[in-house]
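Have a look at the structure below, then the notes.
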(Lines give C-alpha, C1' and ligand atoms only; values in the text may rest on other atoms or scores of the structure.)
Protein backbone atom coordinates (compact mmCIF):
# COMPACT_ATOMS: atom_id res chain seq x y z
CA UNK A 1 0.00 0.00 0.00
CA UNK A 2 2.81 2.33 0.85
CA UNK A 3 4.44 1.68 -2.52
CA UNK A 4 1.20 2.45 -4.32
CA UNK A 5 0.90 5.84 -2.60
CA UNK A 6 4.54 6.57 -3.37
CA UNK A 7 4.03 5.73 -7.07
CA UNK A 8 0.91 7.92 -7.30
CA UNK A 9 2.68 10.87 -5.66
CA UNK A 10 5.68 10.37 -7.94
CA UNK A 11 3.52 10.50 -11.10
CA UNK A 12 1.65 13.55 -9.83
CA UNK A 13 4.91 15.41 -9.27
CA UNK A 14 6.18 14.50 -12.73
CA UNK A 15 2.85 15.53 -14.27
CA UNK A 16 2.82 18.91 -12.50
CA UNK A 17 6.40 19.53 -13.59
CA UNK A 18 5.53 18.82 -17.25
CA UNK A 19 2.49 21.11 -17.27
CA UNK A 20 4.56 24.00 -15.95
CA UNK A 21 6.88 23.71 -18.98
CA UNK A 22 3.96 23.66 -21.37
CA UNK A 23 3.15 27.28 -20.49
CA UNK A 24 6.58 28.55 -21.52
CA UNK A 25 6.85 30.26 -24.89
CA UNK A 26 9.77 28.95 -26.93
CA UNK A 27 10.70 30.15 -30.43
CA UNK A 28 13.63 29.82 -32.82
CA UNK A 29 15.58 32.13 -35.07
CA UNK A 30 17.77 31.60 -38.14
CA UNK A 31 20.66 33.96 -37.36
CA UNK A 32 22.40 33.38 -40.71
CA UNK A 33 19.19 34.23 -42.59
CA UNK A 34 18.80 37.45 -40.62
CA UNK A 35 22.45 38.44 -41.22
CA UNK A 36 22.43 37.56 -44.93
CA UNK A 37 19.13 39.29 -45.69
CA UNK A 38 19.37 42.36 -43.49
CA UNK A 39 20.42 45.65 -45.05
CA UNK A 40 23.50 45.88 -42.84
CA UNK A 41 24.41 42.24 -43.49
CA UNK A 42 24.10 42.71 -47.25
CA UNK A 43 26.31 45.81 -47.07
CA UNK A 44 28.91 43.89 -45.05
CA UNK A 45 28.83 40.93 -47.46
CA UNK A 46 29.16 43.26 -50.44
CA UNK A 47 32.14 44.96 -48.79
CA UNK A 48 33.77 41.57 -48.17
CA UNK A 49 33.16 40.52 -51.76
CA UNK A 50 34.72 43.74 -53.06
CA UNK A 51 37.80 43.29 -50.86
CA UNK A 52 38.16 39.67 -52.00
CA UNK A 53 37.74 40.66 -55.68
CA UNK A 54 40.36 43.38 -55.32
CA UNK A 55 42.72 40.90 -53.72
CA UNK A 56 42.08 38.37 -56.50
CA UNK A 57 42.71 41.03 -59.14
CA UNK A 58 45.94 41.99 -57.42
CA UNK A 59 47.02 38.34 -57.33
CA UNK A 60 46.13 37.83 -61.00
CA UNK A 61 48.02 40.97 -62.02
CA UNK A 62 51.07 39.94 -60.00
CA UNK A 63 50.96 36.40 -61.37
CA UNK A 64 50.81 37.71 -64.91
CA UNK A 65 53.78 40.04 -64.31
CA UNK A 66 55.83 37.33 -62.62
CA UNK A 67 55.10 34.86 -65.42
CA UNK A 68 56.21 37.47 -67.96
CA UNK A 69 59.43 38.03 -66.00
CA UNK A 70 60.05 34.28 -65.82
CA UNK A 71 59.43 33.86 -69.55
CA UNK A 72 61.77 36.74 -70.31
CA UNK A 73 64.40 35.25 -68.03
CA UNK A 74 64.08 31.80 -69.63
CA UNK A 75 64.50 33.35 -73.07
CA UNK A 76 67.69 35.06 -71.85
CA UNK A 77 69.07 31.92 -70.23
CA UNK A 78 71.50 31.19 -73.06
CA UNK A 79 72.65 34.80 -73.21
CA UNK A 80 73.17 35.35 -69.46
CA UNK A 81 75.89 33.84 -67.35
CA UNK A 82 74.85 31.23 -64.82
CA UNK A 83 75.58 33.60 -61.98
CA UNK A 84 73.49 36.41 -63.46
CA UNK A 85 70.68 34.00 -64.33
CA UNK A 86 70.60 32.61 -60.79
CA UNK A 87 70.64 36.13 -59.35
CA UNK A 88 67.66 37.20 -61.46
CA UNK A 89 65.86 33.95 -60.68
CA UNK A 90 66.45 34.54 -56.95
CA UNK A 91 65.11 38.10 -57.31
CA UNK A 92 61.93 36.77 -58.88
CA UNK A 93 61.63 34.15 -56.14
CA UNK A 94 62.06 36.86 -53.48
CA UNK A 95 59.38 38.99 -55.13
CA UNK A 96 57.01 36.01 -54.96
CA UNK A 97 57.79 35.44 -51.29
CA UNK A 98 57.24 39.12 -50.45
CA UNK A 99 54.00 39.18 -52.36
CA UNK A 100 52.80 36.03 -50.59
CA UNK A 101 53.47 37.75 -47.25
CA UNK A 102 51.41 40.76 -48.35
CA UNK A 103 48.57 38.51 -49.49
CA UNK A 104 48.61 36.63 -46.21
CA UNK A 105 48.41 39.92 -44.30
CA UNK A 106 45.52 41.15 -46.43
CA UNK A 107 43.72 37.81 -46.07
CA UNK A 108 44.09 38.04 -42.30
CA UNK A 109 42.74 41.60 -42.35
CA UNK A 110 39.67 40.44 -44.26
CA UNK A 111 39.13 37.50 -41.89
CA UNK A 112 39.52 39.75 -38.83
CA UNK A 113 37.09 42.25 -40.31
CA UNK A 114 34.58 39.44 -40.90
CA UNK A 115 34.94 38.29 -37.29
CA UNK A 116 34.57 41.84 -36.02
CA UNK A 117 31.47 42.46 -38.13
CA UNK A 118 29.94 39.16 -37.07
CA UNK A 119 30.66 39.92 -33.40
CA UNK A 120 29.14 43.40 -33.71
CA UNK A 121 26.09 41.94 -35.42
CA UNK A 122 25.72 39.27 -32.75
CA UNK A 123 25.96 41.85 -29.96
CA UNK A 124 23.33 44.06 -31.58
CA UNK A 125 21.15 41.03 -32.25
CA UNK A 126 21.34 40.00 -28.59
CA UNK A 127 20.05 43.45 -27.56
CA UNK A 128 17.21 43.21 -30.09
CA UNK A 129 16.32 39.67 -29.03
CA UNK A 130 16.35 40.61 -25.36
CA UNK A 131 13.92 43.46 -25.96
CA UNK A 132 11.79 41.34 -28.32
CA UNK A 133 11.56 38.48 -25.83
CA UNK A 134 10.44 40.83 -23.05
CA UNK A 135 7.82 42.50 -25.23
CA UNK A 136 6.43 39.18 -26.47
CA UNK A 137 6.75 37.17 -23.24
CA UNK A 138 9.18 34.68 -24.76
CA UNK A 139 11.08 32.46 -22.36
CA UNK A 140 13.62 30.94 -24.78
CA UNK A 141 14.95 31.67 -28.24
CA UNK A 142 16.92 28.92 -29.97
CA UNK A 143 19.14 29.15 -33.00
CA UNK A 144 17.45 27.29 -35.87
CA UNK A 145 20.68 25.40 -36.59
CA UNK A 146 20.26 23.67 -33.21
CA UNK A 147 16.69 22.53 -33.95
CA UNK A 148 15.99 19.32 -35.82
CA UNK A 149 12.27 19.88 -36.38
CA UNK A 150 10.12 22.86 -35.47
CA UNK A 151 6.84 24.39 -36.47
CA UNK A 152 7.10 27.34 -38.84
CA UNK A 153 4.81 29.27 -36.49
CA UNK A 154 7.65 29.31 -33.94
CA UNK A 155 10.12 30.88 -36.42
CA UNK A 156 10.67 34.57 -35.62
CA UNK A 157 13.39 35.16 -38.24
CA UNK A 158 11.30 37.48 -40.42
CA UNK A 159 10.11 39.54 -37.44
CA UNK A 160 13.68 39.98 -36.22
CA UNK A 161 14.85 40.81 -39.75
CA UNK A 162 12.35 43.68 -39.90
CA UNK A 163 13.52 44.98 -36.52
CA UNK A 164 17.21 44.72 -37.51
CA UNK A 165 16.51 46.63 -40.73
CA UNK A 166 14.54 49.31 -38.90
CA UNK A 167 17.39 49.78 -36.39
CA UNK A 168 19.86 50.38 -39.27
CA UNK A 169 22.81 48.70 -37.60
CA UNK A 170 26.15 50.01 -38.88
CA UNK A 171 28.57 47.08 -39.08
CA UNK A 172 31.36 48.56 -41.24
CA UNK A 173 32.74 52.07 -40.93
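The values are calculated or read from the model by the stated rules, or taken from the named source; none is laboratory data. The model shown is predicted, which means the values in this text are computed figures rather than measured ones. No Cβ is skipped: glycine too gets one built from the backbone with ideal geometry, and neighbour counts run over all protein chains shown.
Only one of the numbered conditions (1) more than 21 Å from residue 51 (Cα to Cα); (2) without any contact (Cβ under 8 Å) to a residue 60 or more places away in the chain; (3) loosely packed, with under 11 Cβ neighbours inside 10 Å is violated by residue 140, and that is (2).
Screening residue 169 against (1) surrounded by 16 or more Cβ atoms within 10 Å (Cβ to Cβ); (2) assigned to a helix (DSSP H, G or I) leaves a single unmet condition, (2). Of the residues making up segment 141-173, those that are in contact with a helix residue (DSSP H, G or I) (Cβ under 8 Å, 6 or more places away or on another chain) and on the phi < 0 side of the Ramachandran plot number 19. Within segment 50-87, the set of residues being at pLDDT below 85 and either in a helix (DSSP H, G or I) or surrounded by 10 or more Cβ atoms within 10 Å (Cβ to Cβ) (or both) comprises 73, 74, 75, 76, 77, 80, 82, 85. Residues in segment 143-159 that are surrounded by 11 or more Cβ atoms within 10 Å (Cβ to Cβ), out of contact with any strand residue (DSSP E or B) (no Cβ under 6 Å at 6 or more places or on another chain) and assigned to a helix (DSSP H, G or I): 158, 159.
If you go through segment 127-137 and pick out every residue that is surrounded by 11 or more Cβ atoms within 10 Å (Cβ to Cβ) and assigned to a helix (DSSP H, G or I), you end up with 7. Based on this model, can you work out whether residue 116 counts as over 11 Å from residue 34 (Cβ atoms) and in contact (Cβ under 8 Å) with a residue 24 or more places away in the chain? For residue 116, the condition - over 11 Å from residue 34 (Cβ atoms) and in contact (Cβ under 8 Å) with a residue 24 or more places away in the chain - is not met.
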